[in-house]
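Peer 1: The structure under discussion is supplied below as structure tokens; questions concerning it will follow.
The values are calculated or read from the model by the stated rules, or taken from the named source; none is laboratory data. Source: prediction; values computed, not measured. Note: ideal-geometry Cβ built from the backbone for every residue, glycine included; neighbour counts use all protein chains shown.
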Amino acid sequence: MVSRVNPGLRREIAKLGTDELGNSEFNAEACFNCGTCTALCPLGYQILPRKLFHEVRLGLEDKIRASIPQIFSCLLCRMCEENCPQGVKITENMRILRHMINRQEFGLK
Ligand code: SF4
Ligand code: SF4
């Protein structure tokens, strides 16, 4: 399957996670793919955060959509986040991705 590339995806997602002061909570680009989160996830989501954040950086929307069940069943338990050496806000990033999917796929605000 050929994936569509949306070069503005990172910017669009960051906008959804921006507060009234203009600060964006979305910091997926800080991920350096170390794999620590992979080792700790109680659901065994082997590569979910780092895979998703990589796809966001590359603008691969179709690939992100293919992970919708996992994105919505993540427990937001923060096991991954609390051990991330880069301070990636994994659960907040996940919430923002859910927000984007709810708007695009399900027409929710
Ligand atoms: S632990 Fe942090 S830096 Fe490492 S792969 Fe996961 S999100 Fe990326
Ligand atoms: S927040 Fe989600 S991805 Fe991270 S360890 Fe928990 S279930 Fe896994």
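Peer 1: With the structure loaded, tell me whether residue 76 is touching a helix residue (DSSP H, G or I) at 6+ places or on another chain (Cβ under 8 Å) and modelled with pLDDT of 90 or more or whether it fails that test.
Peer 2: Yes: the conditions hold for residue 76.
Peer 1: In this structure, does residue 84 turn out to be crowded, with 18+ Cβ neighbours inside 10 Å, assigned to a loop (DSSP other than H, G, I, E, B) and within 16 Å of ligand 1 (Cβ to nearest atom)?
Peer 2: Yes; evaluated as a whole, the condition is true for this residue.
Peer 1: Cβ-Cβ distance below 6 Å, separation of 6 or more or different chains: which pairs start in region 23-40 with a residue that is more than 15 Å from residue 78 (Cβ to Cβ) and end on one that is within 16 Å of ligand 2 (Cβ to nearest atom) and assigned to a helix (DSSP H, G or I)?
Peer 2: Partner pairs satisfying both residue conditions: 26/93; 26/96; 28/53; 28/56; 28/93; 31/50; 31/53; 33/50.
Peer 1: Then there is this: Answer yes if at least one residue in region 22-29 is surrounded by fewer than 17 Cβ atoms within 10 Å (Cβ to Cβ), closer than 16 Å to residue 93 by Cα and of a type in the set (A, V, I, L, M), and no otherwise.
Peer 2: no
Peer 1: Here's another thing I want to ask about it. Can you report the number of residues in region 36-76 which are aromatic (Phe, Trp, Tyr), crowded, with 18+ Cβ neighbours inside 10 Å and part of a helix (DSSP H, G or I)?
Peer 2: So the count comes out to 1.
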